[in-house]
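A quick write-up on the structure given underneath.
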Amino acid sequence: MQAQSFFSLIRSFTFKRNLNAMKVLSSFYWSKWNKKATQWGMPISVSIEPTTSCNLRCPECPSGLRSFTRPTGMLDEKFFRKSIDEMSSHLLYITFYFQGEPYLNPNFLEMVKYANSKRIYTSTSTNAHYLDDATAKRTVESGLERLIISIDGTTQETYSSYRVGGNLDKVIEGTKNVLKWKKQLRSSTPHLIFQFLVVKQNEHQVEHVKFLAEELGVDEVLLKTAQINDFENGNALIPTQEKYSRYKQKADGTWVNKNKFENHCWKMWNSCVITWDGAVVPCCFDKDATHRLGMLTDFSMKQIWHSEPYNRFRAAVLTSRKDIDICKNCSEGTKVWAD
């Protein structure tokens, strides 16, 4: 996180939020030490899903593949406001993203604005196909503090090999629109990031995307390893350069995750994911919401966060994380950041 983005996050700090963060951190290390799931605080951050809909057909994404078994739909703004009102005293950070394209929800930027009014740091990730001039202006005006733009290639051929159905020119145009309005409105936000998902088809353009970001005036480039659903016997998306991959090849020709799967996970203590219809799930690797720990439509976040099902899941992480299905593709320790 660069300096400007860090100072924006500092704005979210209050006495109650700081005290809660200390409780969460303490309970994490206590649980890690004694191997018993203990939670003294409330979530510091949440990811919330504006929609499961998407305009693209990316090959490893359930939104793109239209392969969800869970219900699909749009986050309701009234439900969002009610949930944020409940959590705002302890919440520092909201990521408006799980699956889908956030800008397809017509009330997305109003929800960002509401979270911003509560002094909560806001972030989202987009494929940037809907950042026309008017929407770019509204994005800057909303107070959104971190905008991640997925750009997985610097030529149309490379870009669309993964972002199936996408148009690179629209991504660049949308980026320029946001940068223009930041300048015209004299706004330091959103902190603009090019995220480059490194796969075999685009790994030769890693340096190119850094040059493109610099040329446009983008604040940061983030290189990200790709989650691949069927990797054990190899996959055409796995990069040839191992440093860009979550996986490594064994002597027998099969592939394994490079993660050592130590029995702890900070995310289980400090954050969670909320689906568009109010299901609370452990993290962003539970894309189909198979590990539902409670519904915010039926229970409060406090009830869910300190519930027996949630503590059983935390205990399972402390006992044998490698045996939990959603942990098998976890990127902990294998993300690659640009210089």
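The values are calculated or read from the model by the stated rules, or taken from the named source; none is laboratory data. In this text, all values refer to a predicted model and were calculated from it rather than measured experimentally. Ideal geometry is used to build each Cβ from the backbone, glycine not excepted, and the neighbour counts take in all protein chains shown. SASA here: full protein model, heavy atoms, side chains in, ligands and nucleic acids out. Shrake-Rupley method; radii C 1.70, N 1.55, O 1.52, S 1.80 Å.
Express the C-alpha Rg of the stretch 219-339 as a ratio against the empirical globular expectation 2.2 N^0.38 Å, rounded to two decimals.
Details: Rg = 16.4 Å, N = 121, 2.2 N^0.38 = 13.6 Å.
Expressed relative to 2.2 N^0.38 Å, the Cα Rg reads 1.21.
At 1.4 Å probe size, with every protein chain present, just tell me what the per residue accessible area of the chain comes to in Å². Walk me through the numbers on the way to the answer.
On the way: 15290 Å² over 339 residues.
Value for the chain: 45 Å² per residue.
Per Stokes-Einstein, at 10 °C and 1.306 mPa s, what whole-number D in µm² s⁻¹ belongs to the stretch 182-248, with the Kirkwood radius over Cα pairs as the hydrodynamic radius? Write out the running numbers ahead of the final one.
Values: Rh = 13.5 Å.
It comes out at roughly 117 µm²/s.
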remark   = Per DSSP, the loop-located GluC sites (Glu not before Pro) within the stretch 210-293 having at most 15 other beta carbons within 10 Å are E232, E262
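Please report the carbon-and-sulfur percent of the accessible area for the chain; probe 1.4 Å, protein heavy atoms only, DNA, RNA and ligands left out.
Numbers: 8070 of 15290 Å².
So the carbon and sulfur contribution to the accessible surface is 53 percent.
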ask   = With no solvent and one point per C-alpha, what does the Debye sum give as log10 I(q)/I(0) for the stretch 287-336 at q = 0.13, 0.20, 0.27, 0.28 Å⁻¹?
value = -0.40, -0.81, -1.07, -1.09
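Please list H90, H291, H306 in order of solvent-accessible area, largest first, computed with a 1.4 Å probe with all protein chains present.
H306, H291, H90
Quick one: what do you get for the stretch 93-223 if you divide its Cα Rg by 2.2 N^0.38 Å? Before the final figure, lay out the partial values.
Details: Rg = 14.2 Å, N = 131, 2.2 N^0.38 = 14.0 Å.
Cα-based Rg divided by the globular estimate yields 1.01.
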message = Can you give me the orientation-averaged projected area of the convex hull built on the Cα atoms of the chain, in nm²?
response = 16.6
message = Under a Cβ-only charge scheme (Lys and Arg +1, Asp and Glu -1), can you give me the dipole magnitude of the stretch 1-139 about the Cα centre, in debye to the nearest 20?
response = 660
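Counting other Cβ atoms within 10 Å of each Cβ, which trypsin sites (Lys or Arg not before Pro) in the stretch 110-204 have at most 11 and sit in a DSSP loop?
Numbers: sites: K113, K118, R119, K137, R138, R146, R163, K170, K176, K180, K182, K183, R186, K200; in loops: K118, R119, R163, R186, K200.
In loop regions of the stretch 110-204 (DSSP not H, G, I, E or B), the sparsely surrounded trypsin sites (Lys or Arg not before Pro) are R186.
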ask   = When only Cα pairs under 8 Å and 6 or more residues apart are kept, what is the percent relative contact order across the chain?
value = 19
Mean ellipticity per residue at 222 nm, deg cm²/dmol - from DSSP H runs of n ≥ 4 across the chain, formula -39500 (n - 2.57) = -10500 deg cm²/dmol
